[in-house]
1. Quick one: residue 107 ticks every box in (1) under 26 Å from residue 23 (Cα atoms); (2) open to solvent by 60 Å² or more (accessible area, probe 1.4 Å); (3) not hydroxyl-bearing (Ser, Thr, Tyr) bar one, so which box is it?
2. Take the residues of region 67-86 that are hydroxyl-bearing (Ser, Thr, Tyr) and within 17 Å of the chain's Cα centre (by Cα): which is least open to solvent (accessible area, probe 1.4 Å)?
3. Is it the case, given these coordinates, that residue 36 is closer than 21 Å to residue 88 by Cα, free of Cβ contacts under 8 Å to residues at least 60 places away in the same chain and in a helix (DSSP H, G or I)?
4. Please find, among 70, 57, 50, 5, the residue that is under 25 Å from residue 89 (Cα atoms) and not charged (D, E, K, R).
5. Does region 30-63 hold any residues that are closer than 22 Å to residue 20 by Cβ and open to solvent by 80 Å² or more (accessible area, probe 1.4 Å), and which are they?
Amino acid sequence: MASEQERKELDATAKQGETVVPGGTGGRSLEAQEHLAEGRHRGGERRKEQLGTEGYQELGHRGGETKREQIGTEGYKEMGRKGGLSTMDKSGGERAAEEGIPIDESKYKTCS
């Protein structure tokens, strides 16, 4: 558990709009982010219980297939390449630009 001082620092960071708790995106304070993360975790667990593990995995697989249909196979591969370059410090796009790795976003077809 974080000390009181660490919690105050995290709370200040959260109030600036940064996410300090994984799954707490959108919370405007440390406490709000903790509550959001816990609720999202519980919601996912409940859904997995309802569908069973195989059903839950199939649901995720179907989401990936839908995305591939929306942006096309080439765009999906390019997006995977870009995502594979990401680190904790930098997004895949930033790293690709820094290292001179071409990412062709024109391959992402738009859905109409």
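1. (1)
2. The initial filter retains those residues of region 67-86 that are hydroxyl-bearing (Ser, Thr, Tyr), namely 73, 76, 86.
Then drop every residue that is not within 17 Å of the chain's Cα centre (by Cα), which leaves 76, 86.
On the way: 76: 79, 86: 59 Å².
Checked region 67-86; the qualifying residue least open to solvent (accessible area, probe 1.4 Å) is 86.
3. Working: closer than 21 Å to residue 88 by Cα: no; free of Cβ contacts under 8 Å to residues at least 60 places away in the same chain: yes; in a helix (DSSP H, G or I): yes.
So residue 36 does not fit the description; no.
4. Numbers: 70 fails: under 25 Å from residue 89 (Cα atoms); 57 fails: under 25 Å from residue 89 (Cα atoms); 50 fails: under 25 Å from residue 89 (Cα atoms).
Among 70, 57, 50, 5, only 5 is under 25 Å from residue 89 (Cα atoms) and not charged (D, E, K, R).
5. Pass one, region 30-63, residues closer than 22 Å to residue 20 by Cβ: 30-44.
Those that are closer than 22 Å to residue 20 by Cβ and open to solvent by 80 Å² or more (accessible area, probe 1.4 Å): 31, 35, 38, 40, 41, 42.
The values are calculated or read from the model by the stated rules, or taken from the named source; none is laboratory data. In this text the structure is predicted, and so the values were computed from the model without any measurement. Cβ: placed from backbone, ideal geometry, glycine included. Neighbour counts: every protein chain shown. Surface areas here come from the heavy atoms of the whole protein model, side chains and all, with no ligands, DNA or RNA. Shrake-Rupley method; radii C 1.70, N 1.55, O 1.52, S 1.80 Å.
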